[in-house]
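Asker: Structure provided below as structure tokens; questions to follow.
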Amino acid sequence: MEKANETRNFVVAGHSGCGKTSLCDLILFKAGAVDRLGSVDQKTSASDYSPEEQEKQASIYSVPFNCAWKGKKVFFVDTPGYTEFIGETIAPMNVADSLLLVVDAVEGIQIGSTRAWKIARDLNMPRFILINRIDQDRADFKAVLAKLQEAYGKTVCVPVTLPVGKGADFREVVNVLRDTDIPEELTEDAAKYREMLMDTIAESDESLMEKYLDGGELSDEEIATGLSTAIMSGDLVPVYAASVAKDIGVTKLLDSINNLFPGPLTRQTVSLADSSELKLSADGPPVAKVFKCVVDPFIGQLTFFRVISGTFASDTEYYNVNTATKERLGSIMLSNGKTQKNTASIGPGCIGAVAKLKNTHIGDTLGAGSSAKALPPIEFPRPVMSYAIFPAKSGEEDKVAQGLHKLSESDPTVTLNRHGETHEILLSGMGDQHLALIVRKLKDHYKVDVNLETPKVPYRETITINGEGHYRHKKQTGGAGQFAEVFLRIEPSPEKYEFENKVVGGNIPKNFIPAVEKGVVSTLEAGPLVGCQVENVKVTVYDGKYHPVDSNEMAFKIAGRMAFRDAMAKSRPVILEPIMKVKITIPNDYMGDITGDLNHKRGRILGMGTEEGLQVVNAEVPLAEMAKYATELRSMTQGRGLFQMDFERYEQVPANIAGEIIAKHQADQQED
């Protein structure tokens with residue numbers, strides 16, 4: 001088992017195409033964990049090994065790795081940069097000790113880098129930045145560094161290594177703290193950044209500050225301690241220069257991983273779900289967090305967990321705190337992509353995988369026994385796109401539901417719900433490519449085909465003026481007949497629904513009033529315009545008639561329903577539509593396209609601003625216009641945009657659009 005102080009654990013994240021996966025492949029090769037250097041283009045990457053990733057030539061899943069580098073055991077996770085697969089990035093970031101953010105030296109800050117930064121910041125996670133692809137023609141280390149400093153802090157993002165040359169002339173990197181043989185063209189920059197680093201180190205501790213201000217020379221140990229303190233507090237984010245393609249700067253990055261990245265016990269404590277603290281220790285009670293579940297074609301279900309504290313041993317029983325069940329861990333494996341190696345035990349910072357756990361899911365906490373406490377849950381974003389889902393073959397509804405339930409266990413950003421108003425089964429996720437992948441897995445793994453359709457909009461109906469309604473129900477058959485007469489008025493109300501009885505003189509006996517209301521309520525479920533829920537209406541029953549023999553509850557229910565419909569028709573009914581509050585994050589180049597498109601969608605722009613190097617547009621847009629926005633935004637921004645939306649309120653549909661909705665509803669009814 002590895003010693004905790006000799007273990008490192010981090011997650012590699014950034015925007016798609018910045019070179020994350022190639023970096024992970026190179027780390028494995030340089031450390032001797034694999035015999036040959038993997039390549040995304042040649043489909044030999046240790047990370048992108050699934051058929052769908054090789055087809056797309058981009059990461060879709062997070063993949064844990066481990067290797068040894070100069071006496072340290074290094075665990076790291078490659079994550080997808082594409083925003084639709086953000087769940088695969090969020091989960092490992094919730095268990096890692098630090099973030100290595102890879103940024104493209106040509107493109108600079110992109111939506112994937114900003115999103116990873118925000119997640120790490122919210123988790124209070126130490127951050128490190130690698131500016132990659134400096135060998136490219138349009139690469140500009142200084143410009144990207146300036147953007148990072150503008151977005152995240154000028155004194156926060158400080159280079160530890162600087163590139164010598166750029167583009168085709170990029171040939172090496174120098175460490176501003178350790179290297180003495182620095183090229184003349186970098187002397188000034190190296191001195192400036194060394195001073196910034198030394199200032200940050202000194203500010204981390206009063207005794208160091210005093211020694212530094214007195215002109216004393218800080219020892220290597222004091223420098224390392226000061227850097228560690230500043231990094232852990234978030235006051236310093238070291239920046240590195242590299243070309244993964246040419247293997248320049250990666251060795252010095254690996255040395256920094258050993259020397260500067262925090263160990264698994266550096267924090268000393270972690271917060272638990274009940275706000276108490278867990279003291280971290282290699283010798284204490286075992287605690288681990290599950291962050292990934294996959295179905296392996298050879299092994300079956302594989303569950304990945306990161307050890308937070310204590311030691312986990314193979315062939316030992318542990319306790320799932322979240323499900324309050326016991327789980328026996330068989331052989332614990334160390335995973336490198338699609339290959340696994342058995343190990344007897346693992347300690348803090350290590351990532352293990354076990355097969356065939358019965359009742360353990362992403363976000364669960366494993367401990368020694370029932371006295372163990374849960375770690376905080378992993379928070380995933382809400383879905384931004386939904387489709388109504390139907391089995392291609394009749395009678396396979398249960399098969400579809402079971403398959404999707406299994407798939408959602410390995411991807412919590414996928415949800416399946418029945419909509420209470422439209423009664424459709426909705427498959428929801430982070431975008432059309434995300435949902436297309438789920439449909440593909442349904443077919444490949446569970447042998448079931450489905451059809452997807454744009455979901456119905458849950459419109460509502462209401463009235464704009466007061467109206468009165470009347471209905472006389474009279475039905476005579478061979479035996480007892482049916483008789484009921486109801487007079488009522490309706491008016492707009494701030495409440496969703498109000499009912500009042502103002503009948504006097506016993507014209508409708510009190511025992512029949514509930515039947516009248518039942519008739520009204522049944523009509524509220526399907527309004528006269530497009531068959532949607534009616535709301536914001538007050539109903540007052542004020543008169544009627546009954547027959548001592550022929551009146552009954554059913555008669556008054558029918559009369560109440562028909563009287564309400566009569567009143568609705570006289571009260572200028574209108575259609576209401578859901579309005580969504582939308583936040584769109586994009587690079588500045590796409591601002592004009594986005595605002596123009598929002599205006600075309602009947603959107604109202606509430607404000608614009610900047611957030612960590614990117615433009616933010618806040619708007620209100622009808623839900624009817626947002627059904628395929630994930631696809632449209634990706635097309636408009638070449639995958640560089642991100643949006644989230646939440647329900648805000650209902651609002652009246654413009655008359656011309658309401659007419660189209662009503663006409664379509666009537667046509668659909670005739671077809672049915």
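Throughout, read-outs are computed from the coordinates displayed, never taken from laboratory work. Only a predicted model underlies this, so the values are computations on that prediction, with no experimental measurement involved. Cβ placement follows ideal geometry from the backbone for every residue including glycine, while neighbour counts extend to all protein chains displayed.
Asker: Once the dipole of the chain is set up with Lys and Arg at +1 and Asp and Glu at -1 on Cβ about the Cα centre, which of Pro262, His665, Gln433 lies farthest towards its positive end?
Answerer: About the Cα centre, the residue reaching furthest to the positive side is His665.
Asker: Can you work out the FRET efficiency for the pair Asp543 and Ser522, with r the C-beta to C-beta distance and R0 = 25 Å, to the nearest 0.05?
Answerer: Values: r = 21 Å, r/R0 = 0.84.
Once rounded, the FRET efficiency stands at 0.75.
Asker: On a 0 to 90° scale, report how tilted helix 553-569 is relative to the longest principal axis of the chain, with both axes built from alpha carbons and the result rounded to the nearest 10.
Answerer: It is inclined by approximately 70 degrees.
Asker: Classify the range 110-253 as rounded, prolate or oblate, taking a ≥ b ≥ c as the square roots of the eigenvalues of its Cα gyration tensor: rounded when a/c is under 1.5, otherwise prolate if a/b is larger than b/c and oblate if not.
Answerer: Details: a/c = 2.16, a/b = 1.27, b/c = 1.70.
The shape class here is oblate.
Asker: How long is the gain from Arg36 to Gln670 if the chain were fully straight, where each residue apart is worth 0.36 nm and the alpha carbon distance is subtracted?
Answerer: On the way: separation 634, 0.36 × 634 = 228.24 nm, distance 6.54 nm.
Full extension of this stretch gives 221.7 nm more.
Asker: Would you mind giving the average projected area, over all directions, of the Cα convex hull of the range 576-657 in nm² with one decimal?
Answerer: Its average projected convex-hull area is 5.2 nm².
Asker: Taking the Cα centre of the chain as origin, work out the dipole magnitude from +1 charges on Lys and Arg Cβ and -1 charges on Asp and Glu Cβ, in debye rounded to 20.
Answerer: 2220 debye
Asker: Here's a follow-up. Please give the contour-minus-distance gain from Thr422 to Asn588: 0.36 nm per residue of separation, less the Cα-Cα distance, rounded to one decimal in nm.
Answerer: Working: separation 166, 0.36 × 166 = 59.76 nm, distance 3.84 nm.
That works out to 55.9 nm of additional length.
Asker: Oh, and also: When the label point is put 7 Å from the Cα of Ala245 along its Cα-to-beta-carbon vector, which residues of the range 121-138 have a backbone N closer than 18 Å?
Answerer: Output list for this probe position: 130-138.
Asker: Name the residues whose placed amide hydrogens come within less than 5 Å of the amide hydrogen of Glu424, ignoring near sequence neighbours (fewer than 5 apart) on the same chain.
Answerer: The answer is His419.
Asker: Which trypsin sites (Lys or Arg not before Pro) does the range 166-234 hold that lie in a coil by DSSP with at most 15 other beta carbons within 10 Å? Provide the component values of the computation, followed by the final result.
Answerer: Working: sites: Lys166, Arg171, Arg178, Lys192, Arg194, Lys211; in loops: Lys166, Arg171, Arg178.
Hits after loop and neighbour filter: Arg171, Arg178.
Asker: Pop out the ³J(HN,Hα) list for the range 387-398 in order, Karplus 6.51 cos²θ - 1.76 cosθ + 1.60 with θ = phi - 60°, rounded to Hz; leave Gly and Pro as x.
Answerer: Listing the rounded values in order: 10, 6, 10, 9, x, 5, 10, 4, x, 9, 4, 5 Hz.
Asker: List the residues, sorted by chain then number, that are 5 or more residues from Ser309 or on another chain and whose placed amide H is less than 5 Å from its amide H.
Answerer: Val287
Asker: Any idea how far apart Glu468 and Asp449 come out in nm if each label point goes 7 Å out from Cα toward Cβ?
Answerer: In this crude spin-label approximation the distance works out to 6.0 nm.
Asker: Helix 250-259 sits at what angle to the longest principal axis of the chain, using alpha carbons and giving 0 to 90 degrees rounded to 10?
Answerer: Once rounded, the angle reads 90 degrees.
Asker: Regarding the range 300-434, what's the average projected area of the Cα-atom convex hull, expressed in nm²?
Answerer: Details: hull surface 42.2 nm².
So the Cα hull casts an average projection of 10.5 nm².
Asker: Let me ask something additional. From the P(r) of the range 20-117, can you give the percent of Cα pairs sitting at distances over 17 Å?
Answerer: Details: 2505 of 4753 pairs.
Roughly 53 percent, rounded to a whole number.
Asker: Putting +1 on Lys and Arg Cβ atoms and -1 on Asp and Glu Cβ atoms, find which of Thr114, Val294, Phe483 reaches farthest to the positive end of the dipole of the chain.
Answerer: Ranked along the dipole, the leading option is Phe483.
Asker: Placing +1 on the Cβ of each Lys and Arg and -1 on the Cβ of each Asp and Glu in the chain, which of Ser386, Gly347, Gly544 has its Cα farthest towards the positive end of the resulting dipole?
Answerer: Gly544
Asker: Take the Cα atoms of the range 64-147, build their convex hull, and give its volume per residue in Å³. Let's see the in-between values first.
Answerer: Details: hull volume 9.9 nm³, N = 84.
In the range 64-147, the Cα convex hull volume per residue is 118 Å³.
Asker: If you don't mind, there's one more thing I want to ask. Can you check how the C-alpha radius of gyration of the range 184-308 compares to 2.2 N^0.38 Å, as a plain ratio?
Answerer: Values: Rg = 20.1 Å, N = 125, 2.2 N^0.38 = 13.8 Å.
Against the empirical 2.2 N^0.38 Å value, I get 1.46 for the range 184-308.
Asker: Could you state the number of Å between the C-alpha centres of the range 1-73 and the range 415-477?
Answerer: Centre-to-centre (Cα) distance: 42 Å.
Asker: Any idea how far the Cα center of the range 228-270 sits from the one of the range 640-672, in Å?
Answerer: The distance from the Cα centre of the range 228-270 to that of the range 640-672 comes to 51 Å.
Asker: What is the calculated FRET efficiency for Ser370 to Lys399, with r their C-beta to C-beta distance and R₀ = 45 Å, to the nearest 0.05? Provide the component values of the computation, followed by the final result.
Answerer: Numbers: r = 37 Å, r/R0 = 0.81.
Taking R0 as 45 Å, the efficiency between Ser370 and Lys399 is 0.80.
Asker: Based only on the alpha carbon positions, what is the Kirkwood hydrodynamic radius of the range 290-374, in angstrom? Mind dumping the intermediate values first?
Answerer: Details: mean 1/r = 0.0785 Å⁻¹.
Answer for the range 290-374: a Kirkwood hydrodynamic radius of 12.7 Å.
Asker: Suppose R0 equals 22 Å. What FRET efficiency, 1/(1 + (r/R0)^6) with r the Cβ-Cβ distance, do Ala627 and Asn656 give to the nearest 0.05? Kindly include the intermediate steps, with their values, before the conclusion.
Answerer: On the way: r = 19 Å, r/R0 = 0.89.
Efficiency at R0 = 22 Å is approximately 0.70.
Asker: Still on this structure, please answer the following. From the convex hull of the Cα coordinates of the range 385-453, what is the mean projected area in square nanometres?
Answerer: Details: hull surface 17.1 nm².
If I average the Cα hull's projected area over directions, I get 4.3 nm².
Asker: First obtain the Kirkwood hydrodynamic radius of the range 464-572 from its Cα pairs, then insert it into the Stokes-Einstein equation at 25 °C and 0.890 mPa s, and state the resulting D in µm² per second as a whole number.
Answerer: On the way: Rh = 13.8 Å.
The Stokes-Einstein estimate is 178 µm²/s.
Asker: Largest first and in whole Å, give the semi-axes of the range 419-504's equivalent ellipsoid, each being the square root of 5 times a Cα gyration tensor eigenvalue.
Answerer: Numbers: eigenvalues 472, 99, 18 Å².
Square roots of five times the eigenvalues give 49, 22, 10 Å.
Asker: A further question follows. Per 0.36 nm of contour for each residue apart, how much would the distance between Ala392 and Glu150 grow if the chain were fully extended, relative to their Cα-Cα spacing?
Answerer: 81.9 nm
Asker: Grab the DSSP H runs of the chain that are 4 residues or longer, score each as -39,500 (n - 2.57), total them, divide by all residues and round the 222 nm result to the nearest 500 deg cm²/dmol.
Answerer: On the way: 16 runs with 191 residues, N = 672.
Calculated mean residue ellipticity at 222 nm is -9000 deg cm²/dmol.
Asker: With N denoting the number of residues in the chain, provide Rg(C-alpha) divided by 2.2 N^0.38 Å, to two decimal places.
Answerer: Numbers: Rg = 31.6 Å, N = 672, 2.2 N^0.38 = 26.1 Å.
Normalised Rg, Cα atoms only: 1.21.
Asker: Please identify every one of the GluC sites (Glu not before Pro) in the range 18-103 that sits in a loop by DSSP and has no more than 15 other beta carbons within 10 Å of its own beta carbon. Kindly include the intermediate steps, with their values, before the conclusion.
Answerer: Working: sites: Glu52, Glu53, Glu55, Glu84, Glu88; in loops: none.
Filter output for the range 18-103: empty list.
Asker: Another question, then. Please report Rg over Rh for the range 533-672, where both radii come from the alpha carbon positions and Rh follows the Kirkwood definition.
Answerer: Working: Rg = 22.9 Å, Rh = 18.9 Å.
A ratio of 1.21.
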